[in-house]
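Beneath this line is the structure, given in structure tokens, with notes to follow.
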Amino acid sequence: MGETLHGTGFSMGPGGKGSNQAVAAARQNAKVELITRVAQDTFGEMARRVYEDEGIGAGHVSNDPDAPSGTATIIVDDARGENAIVIVPGACGNLNRSDVDAASNTIASSTLFVSQLELSTDACLYGIELAYRHGVPVVLNPAPAVELPREVFSQIDYLTPNMSEASLLVGREVRTREQVASAAATLREWGVRHVLITLGEEGVYVSSENQERVIPAVNAGHVLDTTGAGDAFNGGLVAALAEGLPLMDAAHFGCAVAGLSVTKRGTAPSMPSREEVESLLERAG
């Protein structure tokens, strides 16, 4: 705070956690339908072009005339590839229950319902409730971290926090491997069926019935930018789950997608193709 620093470059491109995850899944050949709002501005037009180019269904992407596009200001440390991010939700923050109701048939006919928390928490929780009522497995990436009502956890099939998000959810520090295991156990006690706590460069800790283990990260080369790595993991994970892969294999697949994403700059543009992922997995054995 109070400092003015020189940067080394600037770039602008499409992003947003839900959008990034949709792109990541679509590039793994998953059929994706997105439920959101976009602004009637240059950035909203950019978003729609991305959805069209990536083959993402946009029948439930509505225009919001009263809000600007959401933005994420991302500062990246070139030396380590790490980042700090400030989010302004914009149009997607106005997504409401009526928007979700309009997509109820799409939700009911889906293999998985996926959400994150860069939108209205009320709309997110309502979408989860609707999917749960229709018997559609729910994947929640609880980011950015917010406190959630205890009753929602029993409606979640796959919960994918990082360590800091897991810490906020359970109300205690989550840093060591023992603390990660304890947090996962608590979340499962609250009703989550499968907990996947991402561990950055160490991979992901998976806790499921009769299965608890760390799936190691997949090294794809020099790390340039970790922005969007969590979204890459989630997109890869859900694409693999939708194909019917067992959970541990799906988590490994998600790690490969994330591993490739950090070797490129940006968020949505850094999401790898299916061919790149399969090539990496073949090399990694």
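If you go through region 127-181 and keep only what is small (Gly, Ala, Ser) and without any contact (Cβ under 8 Å) to a residue 12 or more places away in the chain, you end up with GLY135, GLY171. Evaluate the following for GLU165: is it closer than 29 Å to LEU34 by Cβ, in a helix (DSSP H, G or I) and open to solvent by 10 Å² or more (accessible area, probe 1.4 Å)? Criteria met by GLU165.
Among the residues of region 113-143, those identified as open to solvent by 50 Å² or more (accessible area, probe 1.4 Å) and assigned to a loop (DSSP other than H, G, I, E, B) are HIS134, GLY135. Here SER98 meets each of (1) buried (at least 20 other Cβ atoms within 10 Å of the Cβ); (2) free of Cβ contacts under 8 Å to residues at least 24 places away in the same chain with one exception, condition (1).
The test for being hydroxyl-bearing (Ser, Thr, Tyr), closer than 23 Å to PHE153 by Cα and assigned to a loop (DSSP other than H, G, I, E, B) holds for SER110. You will find that of ASP99, ASP64, ASP77, the residue that is charged (D, E, K, R) and modelled with pLDDT under 90 is ASP77 and no other.
Within region 221-233, restricting attention to residues that are touching a residue at least 60 places away in the same chain (Cβ under 8 Å) and either hydroxyl-bearing (Ser, Thr, Tyr) or on the phi > 0 side of the Ramachandran plot (or both), the residue that is surrounded by the most Cβ atoms within 10 Å (Cβ to Cβ) is GLY228. Every condition in (1) open to solvent by 10 Å² or more (accessible area, probe 1.4 Å); (2) touching a residue at least 40 places away in the same chain (Cβ under 8 Å); (3) under 22 Å from VAL180 (Cβ atoms) is met by ASP249 except one, and the failing one is (2).
Among the residues making up region 35-69, those that are part of a loop (DSSP other than H, G, I, E, B) and open to solvent by 90 Å² or more (accessible area, probe 1.4 Å) are GLN40, PRO65, ASP66.
Counting residues in region 224-241 that are out of contact with any Cys (no Cβ under 7 Å at 6 or more places or on another chain), β-branched (Val, Ile, Thr) and in a loop (DSSP other than H, G, I, E, B) gives one or more. The criterion of being part of a loop (DSSP other than H, G, I, E, B) and among the basic types (Lys, Arg) holds for ARG80. Can you confirm whether GLY90 is at pLDDT below 95, open to solvent by less than 40 Å² (accessible area, probe 1.4 Å) and more than 21 Å from SER115 (Cα to Cα)? Judged against the criteria, GLY90 is not a match.
The values are calculated or read from the model by the stated rules, or taken from the named source; none is laboratory data. Because the structure is predicted, anything quoted here is derived from the model rather than measured. When we count neighbours, we look across all protein chains shown, and the Cβ atoms used for this are built from the backbone with ideal geometry, even at glycine. Areas reflect the complete protein model, heavy atoms only, side chains present, ligands, DNA and RNA absent. Shrake-Rupley method; radii C 1.70, N 1.55, O 1.52, S 1.80 Å.
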